[in-house]
1. Suppose the filter is touching a residue at least 12 places away in the same chain (Cβ under 8 Å) and more than 15 Å from ligand 1 (Cβ to nearest atom); does residue 73 pass it?
2. Could you go through region 91-112 and let me know if any residue there is under 16 Å from the mean Cα position of the chain (by Cα), modelled with pLDDT of 90 or more and surrounded by fewer than 16 Cβ atoms within 10 Å (Cβ to Cβ).
3. In the set 127, 29, which member is away from ligand 2 (no atom under 13 Å from the Cβ), farther than 30 Å from residue 4 by Cβ and either out of contact with any His (no Cβ under 8 Å at 6 or more places or on another chain) or of a type in the set (A, V, I, L, M) (or both)?
4. If you check residue 117 against the conditions, is it within 16 Å of ligand 2 (Cβ to nearest atom), more than 27 Å from residue 19 (Cβ to Cβ) and surrounded by 16 or more Cβ atoms within 10 Å (Cβ to Cβ)?
5. Can you give me the number of residues within region 29-51 that are open to solvent by less than 30 Å² (accessible area, probe 1.4 Å) and either closer than 28 Å to residue 119 by Cα or of a type in the set (S, T, N, Q) (or both)?
6. Which residues, taken from region 130-140, are near ligand 2 (Cβ under 10 Å from one of its atoms) and either of a type in the set (Phe, Trp, Tyr) or part of a strand (DSSP E or B) (or both)?
Amino acid sequence: MINVSKLKKGVVIDHIEANKGYKIFNQLKLDESEDVVVLMRNVPSQKMGKKDLIKIENDINVDLTVLGLIDPNVTVNVVENGERVNKIKLSLPEKVMGIMECKNPRCISKHENVGEIGFTLVDAGEKLYRCEYCDARTSL
Ligand code: CTP
Ligand code: ZN
């Protein structure tokens with residue numbers, strides 16, 4: 001097993017569904033980060049069989065909205081002085097700004113530059129969101 005050392009200070013995004021780690025890596029724009037970042041794939045896990053995991057040394061502003069949308073089951077561990085000081089459990093966000101696009105071809109947001117579009121969760125099971133401009137339902 002490849003050994004990646006514990007963090008002194010940073011964020012560990014754990015319990016990522018196997019194969020979703022790279023997508024999260026990109027969504028968080030970690031390719032542009034100056035910090036030390038490790039993406040581990042297919043890590044053996046008791047609970048999940050296999051999981052992905054991302055370690056980021058140093059503080060970043062992890063956009064929890066993005067994480068909750070891509071994979072609401074991930075755990076965000078905040079590490080300081082080599083100890084986990086906070087464990088954040090995510091959920092599907094009620095409101096999403098600027099990440100999703102409306103799937104309705106007649107929506108005004110498709111024809112005019114309206115800036116960031118707000119979406120409101122209407123069905124958590126189906127991951128359905130309602131567009132603030134046209135009320136159409138969009139799933140991720
Ligand atoms: N971790 C780390 N550096 C630290 C502390 C923890 O990189 N200083 C990592 C661990 O390697 C692990 C994750 O953070 O991948 C969570 O670690 P831990 O707090 O030990 O919790 P676990 O019991 O492993 O996980 P959980 O409680 O979430 O099931
Ligand atoms: Zn719309």
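1. So residue 73 fails the test.
2. yes
3. Numbers: 29 fails: farther than 30 Å from residue 4 by Cβ.
The match here is 127.
4. The answer is yes for residue 117.
5. Residues in region 29-51 being open to solvent by less than 30 Å² (accessible area, probe 1.4 Å) and either closer than 28 Å to residue 119 by Cα or of a type in the set (S, T, N, Q) (or both): 2 in total.
6. Within region 130-140, the first condition is being near ligand 2 (Cβ under 10 Å from one of its atoms), and the residues that meet it are 130-138.
Within region 130-140, 130, 131, 133, 137, 138 qualify.
Condition check ((1) within 16 Å of ligand 2 (Cβ to nearest atom); (2) out of contact with any Phe, Trp or Tyr (no Cβ under 7 Å at 6 or more places or on another chain)) across all residues:
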position	(1), (2)
59	no, yes
92	no, yes
96	yes, no
111	yes, yes
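The values are calculated or read from the model by the stated rules, or taken from the named source; none is laboratory data. Please read all numbers here as calculations on a predicted model, not as lab measurements. When we count neighbours, we look across all protein chains shown, and the Cβ atoms used for this are built from the backbone with ideal geometry, even at glycine. The protein model used for the area step is the full one, side chains on, heavy atoms only, and it has no ligands, DNA or RNA in it. Shrake-Rupley method; radii C 1.70, N 1.55, O 1.52, S 1.80 Å.
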